[in-house]
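Below is one structure, written out as C-alpha cells, with a few remarks after it.
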Amino acid sequence: MNPEEHPEYRQEKQTLRETALLIEQDIEAQRNGYMEGGGNLWTNRSINRNIREDTLKSLEDNQYKPYFARLEFLDSSGKKQNYYFGRTHIQLPHITVLSWQSPVYSLFIQGNSQKQSYHVPARNKTHQVQLLLKRRFELSLHDIHFIKDEADYRKGATRAPTNQDSFLIRKLQQRGNPGLQDIVETIQIDQDRIIRAPLNVSLVLHGVAGSGKTSVAFHRLAYLLFDETGHNLTPDDVLVLAPSRRFLHHVRDLLPALGVKGVQQITFFDWVFQQFNNDSGVEFNPEDYSLEDSHFEGFLEAQTSPHQQQVWQAATVKNSLKFLELIERYTQNLYARVQLPEDDVVLEEQLGVQKVKVTFKPQQVRKALSSAFEMHSGYTERRQQFLQNLQNHFLELHEQRFWTPRDHEDRRYIQAMSARINIHFGRLYRRFNLMAFYQELFEPRTLFQVDQGLLEIWELSALQQEPARKTRNKNPEDAGEKEQEERLQLDMTDVAPLYALYLSLKGKAEPTYRHIIIDEAQDFTPLQLALLRQHNTEGSFTIVGDTAQNIFAHRGLDDWSAIKEVMGPSAISEKITQNYRSTHEIVLFGNAVQQVVRGQHALKAVPVARHGQKPVLHQSDQLDLLLKSMLDTLHHLAHQGRKNIAVLTRDRKQAQNLSTWLSGQKVHHNLQLDNNPPAGTQTQDSILSVLPAAVSKGMEFEAVLVYDTSEDNYPVLNPLLGKLLFVAVSRALHELYLFSLGRPSGHLRATPGLCKHLHHPAPDAGLPAVKTPVATSPGSKPNPSFQKPRTHQVIRLKPHLTSYQGLQVTLQGSGQSLPTDDLLHFRRIREALQDLLGEDFVREMDSAVAKGHQHINTDLIRLLQLGITSLQSKKKPGTQRPQNVPEAVWQSWLHHFEEHRKQLLTPELRSLQFELYFNPG
Ligand SMILES: Nc1ncnc2c1ncn2[C@@H]1O[C@H](COP(=O)(O)OP(=O)(O)OP(=O)(O)O)[C@@H](O)[C@H]1O
C-alpha cells in the first residue's frame with residue numbers, strides 16, 4: 001500500500017518532521033559542547049566528553065530512523081499511553097521514543113490481541129494493558145516509506161488485526177548484506193522469551209540452522225546490559241566466545257548496532273593464549289606456536305585410516321570431562337613429586353677467608369613448604385614462597401651468627417648462598433614449564449601413575465599413541481615469514497587440555513565473568529565448557545548451537561548432554577525450529593539433506609512463508625560444461641544485483657583451485673581459506689567469496705553455489721561430509737545452486753522434487769569425456785589437475801541381484817505387495833552388506849526371505865537399515881535383537897559386523913551405494 005493512503009499519514013509525517021528537527025537541533029547542541037558541565041577536573045571533563053560523544057553518536061545514528069514502531073494502550077489505571085519504539089531512547093517534548101530493550105516493547109512482539117501484559121523485571125511487576133494501536137513504520141531520510149497498522153482497537157476504528165508475518169517476510173526479503181544485522185523490528189515471541197530470560201541462569205538454545213541463534217544471543221546481551229533491567233552488568237563482566245575469527249568478522253557490526261561497546265568477542269583459542277600472555281609466571285609463549293586444525297580435513301577423506309581413528313579417540317579423551325579429573329590428579333602428582341630431603345642439607349659458601357656452612361633440617365624444609373602451601377594456591381607462587389621461606393630461614397640464622405653490620409664481603413656471601421639455596425631446593429620443586437609438564441603427562445609411566453583406574457584401557461592407549469603434538473612446521477615455504485619457520489605446531493585439540501593443566505596449577509580461575517555467551521556451541525568440547533564454567537562467577541551463560549552442524553569428528557558436540565552435565569540440572573533448555581534465513585524452498589531442501597545424514601535424529605526446520613525459486617542442481621560429466629553453467633549462474637546473479645554471493649567447496653584445495661580458475665575467467669572474488677586468519681588480515685568483503693564450506697559456518701549469503709556435490713566428492717557413507725554439505729546449503733538466504741561433476745551425492749538422494757535438476761550432457765554422449773581445459777590464471781596454461789575428468793559411469797549390478805528384481809513379481813504372485821521403495825531400498829542395502837559382510841551373510845538373509853516373505857518389508861528391512869546405520873556411524877548395533885528379526889540373522893549380523901568392521905567405507909562399497917541410490921533399476 002502506498003504510505004500516503006494511510007488515513008493518518010499526514011499526522012505521522014508531521015510528527016516525524018518535528019522529531020527530525022528536534023534531533024537535528026540536539027545534534028548541533030552536542031557538537032557545540034552544550035552539554036559540557038562546569039567541572040574543572042580533567043576526569044570530569046573527559047567523562048562528560050565521553051557521555052557527550054556517545055549521545056551524539058547515538059543521535060546521529062538514529063537521526064533518519066528515530067523509530068520503527070508505535071504503540072498506544074490503556075494502562076491498568078485506564079490512562080492512555082503512547083510510545084514510539086526505536087533502537088535507542090530519545091526523550092523529546094512531543095513524543096517519547098523508547099528503546100526496544102524496554103520491557104513495554106514486549107507488547108509489540110506478543111501479538112495483536114487486545115488484552116495483553118508485560119513484565120518489568122527490575123520491579124518484578126506485571127502490568128495488564130488494553131491495546132489500542134500497533135503501528136509499524138519504515139523510515140528513511142525523514143520520510144515514511146511504509147506504514148501499517150497491525151492492530152487498531154481505537155474507538156471508531158474498524159480495521160481487524162493483520163498477520164504480523166507479512167512484515168517479517170518483507171524484512172527477510174530485504175536481507176542480504178554481508179555481516180549479521182540486528183532484528184529488533186521483527187523479534188519473534190520465542191526469541192523474545194530467550195532474549196529477556198533472567199541473568200542468573202544457564203540458558204542452552206538448540207536451534208536449527210538460520211533460526212536466529214546468534215542474533216538472539218547478541219540481542220540478549222544488549223538486553224542484559226540495558227540499565228533498566230537492574231542487573232548492573234557492565235561490558236567488562238561479559239565474555240562472548242565464537243568459534244573462529246572469520247565468524248567474529250561476520251558478526252562484527254551487530255553489537256555496535258545494538259549500542260553495545262567494549263564487550264570482548266574472541267575465539268576460545270585466542271582467549272586462552274591471552275591468559276598465557278598475561279601471566280608472566282608461566283613459561284609458555286604463545287608467539288612460539290602456530291595453532292593448527294591439522295586433523296580436520298583428514299576426516300573428510302572417504303576412508304578413515306587407523307591413524308585418524310587414533311587421533312579422533314585421543315582428541316575426544318583429551319577434551320572430555322574425565323580428562324579434567326585426570327589433570328587434577330596429575331597436579332597432585334606433580335606436587336607429590338616435590339622431593340623433600342630426609343637428612344640434613346648442608347650448603348657451604350665462602351665468607352671472606354672462611355667457609356661457612358648452613359644446615360637445613362628436614363623439618364625446617366617441610367615447614368617452609370607447608371607454609372608456602374597455606375599461603376598460596378598456585379604452583380609458581382608456592383614454589384617462590386617455598387624458596388623465599390628457606391631464604392628467610394637462612395637470613396635469620398645468619399643474623400644470629402654474625403651480628404655485624406653488612407659489609408661488601410657479607411653481601412657477596414648472602415648473594416652466593418641465596419643462589420645456592422635456589423639452585424639446590426629449586427631442583428626439588430621444578431619450575432612451571434607448562435608444555436613440558438603437559439607432554440610428560442602422556443608418558444606411559446606418568447599416565448599409569450596418575451590414572452588410578454579413571455580411564456578405560458582404550459582411552460589410555462589412545463592417549464599414549466597420539467600424545468600432545470608439538471612439532472616444527474614441516475613446510476617452511478607455507479609459513480611464508482622467516483620467523484614462522486621456527487614456530488611449533490600446536491593442535492587445536494590440545495589447547496583446552498593444556499589450559500586445564502595451567503588452571504589447575506594456577507589454583508584459581510582468573511579473570512572472572514558474570515555472563516558468558518558461547519556461540520556455535522556444537523564446536524566446543526565438554527572440557528572447554530567446564531573450564532569456562534570455572535571462570536563464571538554466577539553460572540550465567542547463554543549457549544547457542546546446532547548439533548546438526550557439528551562437522552568435527554574429533555572435537556565438538558553431537559548432543560547436549562555434556563552441556564547439561566557441566567551446567568547442572570538448573571540449566572534451561574530452549575529449542576527453536578523456525579528458520580528465518582532461507583526461503584521456504586531452500587529450507588525444505590536442507591531438511592531433506594539432513595534427513596539422510598541424521599535420520600531420526602534430524603531436527604527439521606520450519607520455513608517461514610517466504611517463497612523463492614527452487615534450488616537448482618546442475619549435473620554434468622564434463623567439467624567444462626559444469627564450470628560454464630557455474631559461470632553463467634554467477635553472471636546471472638551479478639546482473640540481478642546480488643551483492644553477497646558465495647561459492648562453497650568441500651575443502652581448501654578445491655577452493656584454491658576454483659579461485660585460480662575464477663581468476664582466469666576474470667571473475668573478481670575473495671578467497672577465504674582459513675577459519676582463523678592472522679589478526680588484521682581479514683579480506684575485504686566483496687560481492688563473491690570462495691571458501692571451504694567449513695569456513696562458511698555461521699555466515700550467510702544471498703546466493704550460494706556449492707561445488708562439487710557429486711558422490712565422489714561427498715560420499716554418502718561419510719556422515720561428516722553429509723553434515724558439511726548441510727552446512728553449505730543452509731548458508732543461502734534467497735538462492736541455492738549445486739554443481740555435480742557426475743552423479744550427485746547420496747546425501748542428496750531425498751531431494752528430487754525439491755530442486756530443479758539440470759543435466760548438461762556432453763555433445764556426443766557416446767564418447768568418453770574430454771579433459772577440460774581450465775585456465776589457472778589469466779593468460780596461463782590450462783590446468784588439467786583442477787579436477788580429474790570423469791567418464792560416464794556404467795551401472796553394474798551383481799548377477800544375483802537380478803533374482804531380486806523378480807522378487808516384486810513373486811510377492812505379487814503370492815498375493816502380497818511390497819512398496820517399490822521398500823524393495824529398492826532392500827536391494828541396495830543387501831548389495832552393500834554383501835560387499836561388506838560377505839556371501840554367507842547375505843545367503844542367510846536370502847533364506848530368511850525365502851522362508852517368510854511376509855517379513856520382508858518390515859523386519860528384515862529394519863534389521864538391514866540398522867546394519868547400515870551402524871556401519872555409517874561405526875557403532876555396534878546395540879545388543880538387543882529387534883523384535884521379529886530371526887535370531888540366526890541377528891547373530892550372524894553381530895558376528896559379521898565384528899569381523900568386518902575394519903573394512904568399513906571401502907571405495908567399492910561407496911561407489912556401489914551411490915550407483916544404487918541413483919539408479920536402482
Ligand atoms: N526475528 C527475526 N527477524 C528477522 N530476521 C531474523 C529474525 N531472526 C533471525 N533472522 C535472520 O535470520 C538469519 C539467521 O540468523 P542467525 O545467523 O542469527 O541464525 P543462526 O541460528 O545463528 O544460524 P546458523 O546456525 O545457521 O549459523 C539472519 O539473517 C538473521 O538476521
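Annotations
- The number of residues in the stretch 517-554 that are within 12 Å of the ligand (Cβ to nearest atom), under 22 Å from Tyr223 (Cβ atoms) and open to solvent by 10 Å² or more (accessible area, probe 1.4 Å) comes to 1.
- The requirement of being in contact with a strand residue (DSSP E or B) (Cβ under 8 Å, 6 or more places away or on another chain) and open to solvent by 20 Å² or more (accessible area, probe 1.4 Å) is fulfilled somewhere in the stretch 558-565, by at least one residue.
- Any hit, the stretch 222-241, residues being within 11 Å of the ligand (Cβ to nearest atom) and modelled with pLDDT of 90 or more: no
- The sole residue among Asp192, Asp236, Asp227, Asp182 that is of a type in the set (Asp, Glu), in contact (Cβ under 8 Å) with a residue 24 or more places away in the chain and open to solvent by 40 Å² or more (accessible area, probe 1.4 Å) is Asp236.
- Residue check for Leu395: among the aliphatic types (A, V, I, L, M), assigned to a helix (DSSP H, G or I) and open to solvent by 20 Å² or more (accessible area, probe 1.4 Å): yes
- Filtered residue count, the stretch 109-129, keeping only those that are open to solvent by less than 70 Å² (accessible area, probe 1.4 Å) and assigned to a strand (DSSP E or B): 6
- Single match in Pro763, Pro768 (criterion: under 25 Å from Val616 (Cβ atoms), in a loop (DSSP other than H, G, I, E, B) and modelled with pLDDT under 80): Pro763
- Contact map, the stretch 166-177: residues that are more than 11 Å from Gln188 (Cβ to Cβ) paired with residues that are within 9 Å of the ligand (Cβ to nearest atom) and open to solvent by 50 Å² or more (accessible area, probe 1.4 Å), Cβ distance under 8 Å, separation 6+ or inter-chain. Pairs shown: Arg175/Gln181.
- Test: Lys508 is touching a residue at least 60 places away in the same chain (Cβ under 8 Å), in contact with a helix residue (DSSP H, G or I) (Cβ under 7 Å, 6 or more places away or on another chain) and part of a loop (DSSP other than H, G, I, E, B): no
- For the stretch 439-460, the criterion of being open to solvent by less than 50 Å² (accessible area, probe 1.4 Å), more than 21 Å from Leu321 (Cβ to Cβ) and of a type outside the set (Gly, Ala, Ser) is met by at least one residue.
- Arg10 falls short of the stated requirement of being open to solvent by 90 Å² or more (accessible area, probe 1.4 Å), farther than 20 Å from Ile147 by Cβ and either at pLDDT 90 or above or in a helix (DSSP H, G or I) (or both).
- Of all residues in the stretch 569-578, none satisfies being assigned to a helix (DSSP H, G or I) and within 16 Å of the ligand (Cβ to nearest atom).
- First in the stretch 341-353 and in a strand (DSSP E or B), second anywhere and aromatic (Phe, Trp, Tyr), Cβ under 6 Å, 6 or more apart: Val345/Phe360; Glu349/Tyr413; Leu351/Tyr413
- Residue count for the stretch 604-654, restricted to those that are in a strand (DSSP E or B) and open to solvent by 50 Å² or more (accessible area, probe 1.4 Å): 1
- In the stretch 212-224, the residues that are under 19 Å from Lys171 (Cα atoms) form Cβ pairs under 9 Å with partners that are within 8 Å of the ligand (Cβ to nearest atom) and among the aromatic types (Phe, Trp, Tyr), at six or more places apart or across chains, as follows: Gly212/Tyr580; Ser215/Tyr580.
- Residue-level check: of (1) open to solvent by less than 30 Å² (accessible area, probe 1.4 Å); (2) more than 14 Å from the ligand (Cβ to nearest atom), Arg514 misses just (1).
- The one condition in (1) closer than 18 Å to Ala521 by Cβ; (2) within 15 Å of the ligand (Cβ to nearest atom); (3) of a type in the set (D, E, K, R) that Lys564 fails to fulfil: (2)
- Scope the stretch 187-218; condition in a helix (DSSP H, G or I) and either near the ligand (Cβ under 9 Å from one of its atoms) or of a type in the set (Asp, Glu) (or both); matching residues: Asp190, Gln191, Asp192, Lys213, Thr214, Ser215, Val216, Ala217, Phe218
- Filter result for Ser166 (open to solvent by 40 Å² or more (accessible area, probe 1.4 Å), within 38 Å of the chain's Cα centre (by Cα) and within 30 Å of Val251 (Cα to Cα)): yes
- Residue count for the stretch 701-726, restricted to those that are surrounded by fewer than 24 Cβ atoms within 10 Å (Cβ to Cβ) and within 11 Å of the ligand (Cβ to nearest atom): 1
- Flag if Phe146 is near the ligand (Cβ under 10 Å from one of its atoms) and aromatic (Phe, Trp, Tyr): no
- The number of residues in the stretch 263-300 that are over 22 Å from the mean Cα position of the chain (by Cα) and either open to solvent by 20 Å² or more (accessible area, probe 1.4 Å) or at pLDDT 85 or above (or both) comes to 10.
- Residue in the stretch 36-59 that is among the acidic types (Asp, Glu) and at pLDDT below 60 present: yes
The values are calculated or read from the model by the stated rules, or taken from the named source; none is laboratory data. Note that the structure is a prediction, hence the values are computed from the model and not measured. Every residue, glycine as well, gets a Cβ built from its backbone with ideal geometry; the counts of neighbours run over all protein chains shown. Only protein heavy atoms, including side chains, enter the accessible area calculation; ligands, DNA and RNA are left aside. Shrake-Rupley method; radii C 1.70, N 1.55, O 1.52, S 1.80 Å.
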